[in-house]
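Worksheet: one structure, shown below.
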Amino acid sequence: MTVVRDPRELEEARRSVAIGTFDGVHRGHLRVIEAAKAAHLRPAVMTFEPHPRAVLGGEVRLLTTTQRRVELLAAAGVEDIILLRFDAELASLSPELFAETVLRAAGAEVIAAGDTFRFGRGRSGDLDLLERLGFDVRRVPLVENVSSSHLRKLLSAGEIEDAARLLGRAPEVEGVVVQGDRRGKELGFPTANLGVQGDLLVPPDGVYAGSARGHPAAVSIGTNPHFGGTERRVEAHLLDFDGDLYGDRLVVELWERLRDQASFESETDLVAAIADDVERTRRATRPT
C-alpha cells in the first residue's frame with residue numbers, strides 16, 4: 001500500500017478512487033470502498049487532513065486519528081491512499097479545477113462516493129458534475145442511520161454497543177502512553193495512561209471493558225474522583241500483561257460500559273471495585 005500527500009507522487013495507473021473524509025471508517029465508508037474495488041481498476045482512497053469542517057470554521061471531534069484512519073483504510077483493501085492537506089487553498093478550488101488538477105492527477109477514471117458527496121469551492125460540486133466531466137461515477141446510497149455524525153452522538157452518550165454495530169467493529173480510543181501518578185501500580189492494578197490527541201472524541205467518564213495489545217483491558221475514563229483528580233484521563237489496565245509501554249502508541253478497544261466513576265469510603269472499597277471491574281472485563285465479549 002502507498003500513502004502520498006500529492007496525487008502526482010503516485011505511479012501512473014488507471015484508478016478507481018473512493019473519496020470522502022472517512023472519519024471512523026464505518027460500515028457506510030466500507031461500502032464506498034467496495035464500490036471502488038468493484039470497478040477492477042487499481043483501488044485508491046482520496047481523503048483529507050485536517051477534517052474539512054475544522055478548516056471551514058466548525059468544531060469536530062474525530063472518531064479516529066489520521067494514523068488509525070490510514071490503518072483501517074489499508075485493512076479494507078485499498079492499494080493507494082491520497083491524504084490531501086485540506087487548507088484554504090484547496091477549499092478555494094472550483095469543482096472543475098479540483099477534478100482536473102487533483103482527480104485526473106491521481107489517474108482517477110472511476111469515482112465512488114456517497115450520494116450526498118460535495119466538493120470544491122462552497123461545496124458547489126457534486127457527482128452529477130463529475131459525470132459531465134467524463135468520470136465513471138459509482139453512487140453509493142447512504143446506509144440508514146450510519147454516519148460519522150450519528151456515531152459521534154452515540155459515543156458521546158456512552159452507547160458503546162450501538163456504536164459498534166454502526167462501525168462494524170469495537171469503538172477505540174488511542175494515545176501515546178505517558179507517565180501517570182502510578183497509583184494503579186500501588187493498588188495492584190498498574191495502568192497505561194494515554195496522552196490522547198486533543199480533537200479526538202473520548203466517550204463519557206466511566207469504567208469500560210475492552211482490550212489492547214491482544215489483552216483484555218479494564219479502562220477508566222475520567223478524573224479519578226476518589227483521589228480528588230481534576231484532569232480527565234484515559235487509563236487502561238491490561239490483564240495478564242507485564243511490560244513497559246511508556247512512549248508506545250496504544251489503541252484501546254471499548255467493548256462494554258461497566259459503571260460510573262465513583263469515590264469510595266476507603267481504599268479497600270476502591271480495590272474491591274477495581275477487582276470486580278477486572279473480573280467483569282474477563283467475561284466481556286467484543287461487540288459485533
(request) Excluding V207 itself, calculate the net charge of residues whose Cβ lies under 11 Å from the Cβ of V207, where each Lys or Arg counts +1 and each Asp or Glu counts -1. (result) -3
(request) Return the Rg/Rh value of the chain, two decimal places, where both radii are evaluated on C-alpha atoms and Rh is the Kirkwood radius. (result) 1.05
(request) With a Förster radius of 30 Å, plug the Cβ-Cβ distance of E12 and R249 into 1/(1 + (r/R0)^6) and report the FRET value to the nearest 0.05. (result) 0.30
(request) Looking at segment 2-146, send over the antiparallel percent of its DSSP beta bridges, to the nearest 5. (result) 5 percent
(request) For n ≥ 4 DSSP H runs only, could you compute -39500 (n - 2.57) per run for the chain, divide by its residues and tell me the 222 nm figure to the nearest 500? (result) -7000 deg cm²/dmol
(request) Give the shape of segment 47-120 as rounded, prolate or oblate, defined through the alpha-carbon gyration tensor: a ≥ b ≥ c are the square roots of its eigenvalues, a/c under 1.5 means rounded, and otherwise the shape is prolate if a/b is larger than b/c and oblate if not. (result) oblate
(message) Based on the alpha-carbon set only, what is the convex hull volume of segment 175-248 divided per residue, in Å³?
(response) 97 Å³
(request) Give me the distance between the Cα centres of segment 72-116 and segment 6-41, rounded to whole Å. (result) 8 Å
(request) Please compute the net charge surrounding A106, taking Lys and Arg as +1 and Asp and Glu as -1 over other residues with Cβ under 9 Å from its Cβ. (result) +2
(request) DSSP loop (so not H, G, I, E, B), at most 13 other Cβ within 10 Å: list which GluC sites (Glu not before Pro) in segment 226-288 pass both filters. (result) E231, E265
(request) Using the number of other C-beta atoms within 10 angstrom as an exposure proxy, rank T191, T116 with the fewest first. (result) T116, T191
(request) Consider just the alpha-carbon atoms of segment 2-146 and return their Rg together with their Dmax, both in angstrom. (result) 13.8, 38
(request) Quick one: give the max-minus-min coordinate of the C-alpha atoms of segment 87-149 along each principal axis, largest first, in Å. (result) 33, 27, 18
(message) If each residue of separation counts as 0.36 nm, what is the full-extension length gain between S94 and R259 once their alpha-carbon separation is subtracted?
(response) 54.4 nm
(request) Determine the dipole magnitude for the chain: charges of +1 sit on the beta-carbon of Lys and Arg, -1 on that of Asp and Glu, nothing else is charged, the reference point is the Cα centre, and the result goes in debye to the nearest 20. (result) 680 debye
(message) I'd like the GluC sites (Glu not before Pro) in segment 22-108 restricted to DSSP loop residues with at most 12 other Cβ atoms within 10 Å, sorted by number.
(response) E59
(request) For segment 106-265, count all C-alpha to C-alpha pairs, find those more than 19 Å apart, and express that count as a whole percent of the total. (result) 63 percent
(request) Tell me the chymotrypsin sites (Phe, Trp or Tyr not before Pro) within segment 197-288 that lie in a loop according to DSSP and have at most 15 other beta-carbon atoms within 10 Å. (result) Y246, F264
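Bear in mind these aren't lab numbers, they're just calculated from the coordinates by the rules spelled out. All values reported here derive from a predicted model rather than from experimental measurement. Reconstructed Cβ throughout: ideal geometry from the backbone, glycine too, with neighbour counts over all protein chains shown.
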